[in-house]
Each structure stands twice: as C-alpha cells, then as structure tokens.
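The values are calculated or read from the model by the stated rules, or taken from the named source; none is laboratory data. Please read these numbers as outputs of a predicted model, since none were measured by experiment. Positions of Cβ are backbone-derived with ideal geometry, glycine not excepted, and every protein chain shown enters the neighbour counts.
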Amino acid sequence: MTGAPDGIGRGRVTPDLDSLAAITDAVEAGAGLPEILRAAARALDASLVLIDRSASVLAVAARSPADERSLLRGAEDVTTLELRVAESPVGQLRMRTRERTPDGALLRLVTTLIASEVERVRAPERASEEAAAGFQRAVLAGEISDREEIVARGRDVGCDLAAGASVAAVRAHPRAPTEMDWRRRLLAVARRGGRAVAPGAIAAPVQGEGGQVVLLVPDADGEAGRRVAAAVLRELEAALPGFAFALGRSRRAQDPLELPRARDEALLALNVVEGDAERSVLAYEETGTYQLLLPHMRDPAELRRFYEETVRPLVAYDEQYETDLLGTLATFLDCDANVNATAARLITHRHTIRYRFERVRELTGLDVSSTDGREKLSLGLKAMRVLGIAAPRGPATEPGAGAGRVRR
C-alpha cells in the first residue's frame, strides 16, 4: 500500500471500536462493498471512493455530489491508496480526510479489509472473464474444429454463436505520455461498450500487442457488429480522452468455423484504417483491393518480403532524414498519379514533388511514371498497412520543401 498519510501536523483519529465493528459486521453479513465503504468512511472520518484495477468505480462514500466529483478527479487534497492482496493490485482507495488524519494502524487495517473484500467479490467475475477470453482466443485461432463444440462452449461462457457472429478489433495510442494503466482501462471500457449492445460479447486483449483488444460478438442479424463498433468507440472517446483510436470490424460469419477468417478481416480493416486521417472505424467490406491480401494475414512472410522490396527503403530514408517521400507517394497514388493535384493537396511546389519521385526511383528502382512501378509501389504501401507498420512522420527537409512540415 502506498500514499498513506503520516499524520504529522494534524490531529489523528483514534481508533473507534464501534466503527471497526460496523465494518466487520458488514463483511460478515455480505452487505456489499457500498455498505463496507460507508462504514470505513465513518471509521476514518473521511470521504472515500473505491475503484477497481480496471478503473471502474465500485462504491462511493462522499458528503455531496461535488465531494464525489472532486474525489474522482483526484484533487490536490485527495490521497490515493493502492490496494493490494499478496502483492497483487486489486484497486485503489481515494480519500479526503475531514478534520483529522486517520491513525496509521487504523488506516492500514481498514484498507486491508477493503482490499480483501474487493478480491473476494471480484475474483469469480475475473475467473469467468478469463475463461471467456480463453474460449475466444481458441475459437479465433481455429483451435476448435467442431461446430457443435464451439456453440456448446460458447453458451457455457454466455456467448451464443449458433446464429452467427462477427469480430471487431480496436487499438489505442496515447497522444502524450501517461502514467495511468490505460491498457487495462481500454479492455474494461471496450468490454462494457460491447456488452451494452450485445450482452454475450467477449473482449480480450491481444497477447503480445499492447493497447489492442479483440471482441467476439454474437451477431444474428448482421447488424450487431456495426452497433458494437459504434458503441465501443463512443465509450472509449468518453473514457480515455487524449488517446487516438482505430477500430476494424469483420463481416458476419454465419458458421462459427468461419470465425478465424472473421478475425483476420477485422485485423486487416484495423490496420488499414489506422493509416487513415479521415476516420476511425472501417468495415472489412470497405477495404477495397486490400481484401486481395487477406489470405496472407495468417502467414505474412510474403507480405513482409514485398514490403521490404518496395517501400521499406522509403521508410528508412524518411526516418533518417525526416522527409516525406512515403506520404508524397501515397498522396500521388490517391490523386490518380496527377502531379499537379498532388502538389495542391500537399501545398507544395510541383518541382518539389518531382524531386521526391526522383529520390523514390533512386531508393527503390521503381519509377512512378510507369504503370508497373506505380502498381508495385501501391501494393507495397498496401502490404505495409496490412502488416500494421506505421509510417514515419516528420518535417520534410529535402531541397524545395522549405525545411517545413509537409501538411497532410
């Protein structure tokens, strides 16, 4: 436990045996966390907010709505106490003392009781969530090959896949450094948003991919996936301000055995939309020619080879010299290979555009003025996005760019 006040400079609250007994009675009676927290607030003579490790508020014992808002905001006079059981974090207690600082021994005893009760109450729920996440991963990885087994095991964890399902994948990036445990928060908020629309939806983090969550959504009518995507994005934008989000969703899979393909569709759409400055959500149906690359999602070696042989030198050059060869190429292809339109969109002189294309040819051996060169470079860009490789961003400093950032 960290952040406990030391009591110096203020009078201490002496232990109140009746208040301690009220906490014990509430625990023994299974009265629930709100009643336990109210008893703890009386014992400590403080306002309290109890938050679990996913940043969900479990209980509040405050004097007024304004007091509650101040506690949730973490005002300067609010002390945050980390709650742990056997060194494992279970949540935190935010406290504002009223007249006197609680006795250190009393505070330790009360927080230990609260931490133990949080762990007892939440453990079965976490076990259920872990079982559901394990089932989701097994299904989407194609580890279960019998349709009836998928349906039966899905019902065991509250996810009915008999009438079809879809998959959504979401990725978050903080726009500025943050100290909060935002990945756990991302999972909790995505799970809440998914279940608000489709109660049986299962959300699980992608192992080895920080900041990414996949949702398996029961989808009988083909519309649940779309509604879940919209709800999850809405919840995330409200709960995690200062973050950028990208979300991809698959088509509806009528047969549960098709769900591994649906996972690949969602991830492909996610990777494609992450490079799009105009939108945050993309359905697989909207990915156009990127769909030709779907068969390589499971074994991306060929995609990576093609990327290495086409646009990888441009990425390396942009990273080293803070130029924008890759962005200029992408804009040029979006403008139907029209140099004047590219220059106008980038607010750059057409001679600068031509200079960059000379550098592209020198680095890749591919000429944008030829159909073959444009096709290979276009496929290289598509492979890069499907692989989820982010484009470097920095000021363009090559001759003719005015040493300024190229506007996108």
Q: Take the residues in region 276-311 that are closer than 14 Å to Ala266 by Cβ and part of a helix (DSSP H, G or I), then tell me which one is nearest to the chain's Cα centre (by Cα).
A: Tyr284
Q | Elements of type helices (runs of 4 or more DSSP H) contained in region 312-357, each with 2 or more residues being assigned by TED's automatic domain parsing to the domain that holds Gly275, surrounded by fewer than 16 Cβ atoms within 10 Å (Cβ to Cβ) and at pLDDT 95 or above | A | none
Q. Would region 247-265 turn up any residue that is within 19 Å of Val281 (Cα to Cα), surrounded by fewer than 18 Cβ atoms within 10 Å (Cβ to Cβ), at pLDDT 90 or above and not hydrophobic (A, V, I, L, M, F, W, C)?
A. no
Q. Which residues, counting only those in region 17-54, are outside any loop (DSSP other than H, G, I, E, B), of a type in the set (A, V, I, L, M) and farther than 14 Å from Thr111 by Cβ?
A. Leu17, Ala21, Ala22, Ala26
Q. How about region 358-384: which of its residues are outside any helix (DSSP H, G or I) and among the acidic types (Asp, Glu)?
A. Asp367
Q: Give the residues of region 98-124 that are surrounded by fewer than 14 Cβ atoms within 10 Å (Cβ to Cβ) and in contact (Cβ under 8 Å) with a residue 60 or more places away in the chain, sorted by residue number.
A: Glu99, Gly104, Ala105
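Which residue is nearest to Ala266 (Cα to Cα), if the candidates are limited to region 157-215 and must be of a type in the set (S, T, N, Q) and crowded, with 20+ Cβ neighbours inside 10 Å?
The selected residue is Ser166.
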Q.
What's the total number of residues in region 81-97 that are closer than 15 Å to Ala46 by Cβ and either surrounded by fewer than 15 Cβ atoms within 10 Å (Cβ to Cβ) or not assigned by TED's automatic domain parsing to the domain that holds Val49 (or both)?
A. 0
Q: Can you tell me which residue within region 27-53, out of those that are in contact (Cβ under 8 Å) with a residue 12 or more places away in the chain and of a type in the set (Asp, Glu), is nearest to Met95 (Cα to Cα)?
A: Asp45
Q: Output the residues belonging to region 77-92 that are modelled with pLDDT of 85 or more and either outside any strand (DSSP E or B) or hydroxyl-bearing (Ser, Thr, Tyr) (or both).
A: Asp77, Val78, Thr79, Thr80
Q: Restricting attention to region 273-298, report how many residues are modelled with pLDDT under 90 and within 18 Å of Leu215 (Cβ to Cβ).
A: 2
Q.
Can you pull out every residue in region 171-195 that is of a type in the set (A, V, I, L, M, F, W, C) and either more than 14 Å from Arg227 (Cα to Cα) or more than 14 Å from the chain's Cα centre (by Cα) (or both)?
A. Ala172, Ala176, Met180, Trp182, Leu186, Leu187, Ala188, Val189
Q: Would you check if there is a residue in region 266-274 being outside any helix (DSSP H, G or I) and either out of contact with any Phe, Trp or Tyr (no Cβ under 9 Å at 6 or more places or on another chain) or free of Cβ contacts under 8 Å to residues at least 60 places away in the same chain (or both)?
A: no
Q. Within the set of pairs 6+ apart or on separate chains, which have a first residue in region 136-150 that is in contact (Cβ under 8 Å) with a residue 60 or more places away in the chain, a second that is exposed (fewer than 14 other Cβ atoms within 10 Å of the Cβ) and part of a loop (DSSP other than H, G, I, E, B), and C-beta atoms under 6 Å apart?
A. none
Q: Just need a number here: residues in region 125-156 that are surrounded by 22 or more Cβ atoms within 10 Å (Cβ to Cβ) and not hydrophobic (A, V, I, L, M, F, W, C).
A: 2
Q) Which condition breaks for Glu117 when tested against (1) under 19 Å from Gly32 (Cβ atoms); (2) outside any helix (DSSP H, G or I)? A) (2)
Q. In region 55-68, which residue that is under 25 Å from the mean Cα position of the chain (by Cα) and not in a strand (DSSP E or B) is surrounded by the most Cβ atoms within 10 Å (Cβ to Cβ)?
A. Ala55
